[in-house]
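Down below is the structure, laid out as structure tokens.
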Amino acid sequence: SSGKLLESRQQVLKDRSDGWHTIAIESIEPGDESIDRAVIELDTVRGSRGDLHGKVCLDDVWLARLPRIMVSTSCPHNVYSNKDDAVVRCELSGIREQNPEIRYQLFDATSQELDGGSVYLNGRLIEEDTRKASDIVDGVGNAPKGYEGVTEWRPNIPGPGFYSVIVTMLSSDDSGKQSEADRKMDRREIWLAVVPPLPMAAEGEFGWTIPDGKCPLDYQELAGLLPNVGINWLKLPVWYDAGEAHRGDEIIRFVEILSASNIDVVGVLDHPPAGTELANRLGGNASIADLFAYDPSLWLPSLDPVMSRLSMRLRYWQLGADGDTNIVGFANLPARIQELRTRLFRFGQEVKLGVPWLCDAANQIPRNATWDFEQLSPDASLTVEEFEAFVAQPWIKKRLRWITIEPPQRSDDGRPVSLAELDAYAEVLVRKIVAAK
């Protein structure tokens, strides 16, 4: 509403011959709730031959609302322990028809259809103020009517497994002569998993790392997911702004909830929180390795509020994010880590402290190391055989060795993943997990 650009799309005219050219910018999904208006522009750039002149015209501008379909489940993370709890919700808006057909289909991991059904939406008319349309088109009030509505479907899931639900919106066909391809207005796919109830193991070796600022789930949603996926560890970035005391409260509650499910949280100290004075002074992406280049008295005070609240609740800590191995090159590293340990945990807590380490130097650890575990992050592109050879190396038994296993990477070329590719990715991931075990 203040004129700030929030999102844009563009199409370049490739053919410069005289005459009219059709330029189409296809479906745009507004990605920001604060979007207030759309502006259509034609930009012409003068070339190097400035003595030539021409005329550029814009005509027959057409802006239309397309149907929008949003599919979700009754669970924010789409993982269920009880198959009967799964509900698929379909929200539609901007559709031209009041009662289109909404078709649901349930598929297993091998793309075999297991269940399906159709419902007819009884849409509600969207009331719109069309007076602003006169700014760009002739004829006030000529905008077509739009409808919105919600439907739900409870799939008949046979048992534990990995499933997909495809939701298709079809226009009504009163004549009975239209093909299904002609009737299809939109299509969405959503994945869900049903896992059997798992015993609450007192201890275990597997865990997840939550990247800083990239997790799509909040703490409450994670607390519902993590006890169902068979892990006993969670690495969590915990360096927050001292001015956000509520953040510390949220972390403490989260840690206590996970502790009740025998999940240990590892506090990760990576870079200072964005927007703080320390981050502004040293750079927003300054990591622990970068901070080691400065006198600890410069940056440790910003950690005091965090440590005073969390150090008595977390028994495991890691200096730096997984894969950030720049700390390895510092001179006299054991002494520096010991100094940091003493200053961070000055109340005498029994804690385990770890550091990310170079995979190429997995066994080149100082004999006087003052940390308790090394975090190794092998290249995700390693083949299964290369990964097996890496984890088969002997290591110093008095310290823990933690290994990061990332899902196989695929090129993001826009095409859907085939069933064969999905099987191959799953096989590689599972074999690496077994090798690490």
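All of the numbers you see were taken from the coordinates with simple rules; none came from a lab. Just so it is clear, the model here is predicted, and its values are computed rather than measured. Counting neighbours? That spans all protein chains shown, and the Cβs are built from the backbone with ideal geometry, glycine included.
Where both partners of a DSSP beta bridge lie in the chain, what percent of those bridges are antiparallel, to the nearest 5? Of those bridges, close to 60 percent are antiparallel.
The simple spin-label model puts a point 7 Å past each Cα toward its Cβ; for N332 and D304 those points are separated by 2.5 nm. Close amide H contacts of Q318 (hydrogens built in the peptide plane, cut-off under 5 Å, sequence separation of 5 or more or a different chain): G267, V268, L269, G354. Using 20 Å as the cut-off for backbone N distance, which residues of region 280-315 belong to the label zone defined by a point 7 Å from the Cα of A245 along Cα→Cβ? Flagged as within label range: 301-313.
Give the calculated FRET efficiency between E221 and A392 to the nearest 0.05, with a Förster radius of 25 Å applied to their Cβ-Cβ distance. Given R0 = 25 Å and the Cβ-Cβ separation, E is 0.10.
Of the peptides 304-316, 264-276, 379-391, the ranking by mean beta-carbon count within 10 Å, highest at the top, reads 264-276, 304-316, 379-391. Using 0.36 nm per residue of separation minus the Cα-Cα distance, give me the extension gain between R431 and S72 in nm, one decimal. Between R431 and S72, full extension yields an extra 126.1 nm. Sequence-ordered 3J(HN,Hα) estimates for region 155-160 from the Karplus curve with 6.51, -1.76 and 1.60 and θ = phi - 60° stand at x, 8, 8, x, x, x Hz, glycine and proline given as x. Label separation (D295 vs S418): 6.3 nm, computed from points 7 Å beyond Cα along the C-beta direction.
Checked against a 27 Å cut-off, the cross-linked pairs K398/K437; K14/K55; K235/K437; K14/K184; K235/K398; K235/K432 give Cα-Cα distances beyond that limit for K14/K184. Which one, E29, E41, E250, has the greatest fluctuation when you compute a Gaussian network model over the chain with C-alpha springs under 10 angstrom? Of E29, E41, E250, the Gaussian network model singles out E41 as fluctuating most. Matching the structure-derived semi-axes √(5λ) of the Cα gyration tensor in Å against the labelled list (i) 33, 27, 23; (ii) 39, 26, 21; (iii) 49, 32, 23 gives the label (iii). Residues of region 56-75 with amide nitrogen under 13 Å from the 7 Å Cα-to-Cβ point of E152? Those under the cut-off are 72-75.
Please report the relative contact order for the chain, taking Cα pairs under 8 Å with a sequence separation of at least 6, and give it as a percent rounded to a whole number. Taking the mean separation of contacting Cα pairs over the length of the chain, I get 9 percent. Take the Cβ atoms of Q112 and A260, set R0 to 41 Å, and the FRET efficiency comes out at 0.60.
Annotation: region 1-79 has a Kirkwood hydrodynamic radius of 17.0 angstrom, from the mean reciprocal C-alpha pair distance. Here is what passes the span test in the chain: the DSSP H helices with alpha carbon length of 18 Å or more along the helix axis and a Kyte-Doolittle mean of -1.0 or above are 245-259, 419-436. A dipole drawn for the chain from +1 and -1 charges on Cβ atoms has a positive end, and of S17, G243, A193 the residue lying farthest that way is G243. Against the empirical curve 2.2 N^0.38 Å, the C-alpha radius of gyration of region 225-323 lands at a ratio of 1.13. Computed extension length for L5-V61: 18.1 nm, one decimal, from 0.36 nm per residue of separation with the Cα-Cα distance subtracted. Modelled spin labels at A380 and R346, positioned 7 Å past Cα toward Cβ, are 4.0 nm from each other.
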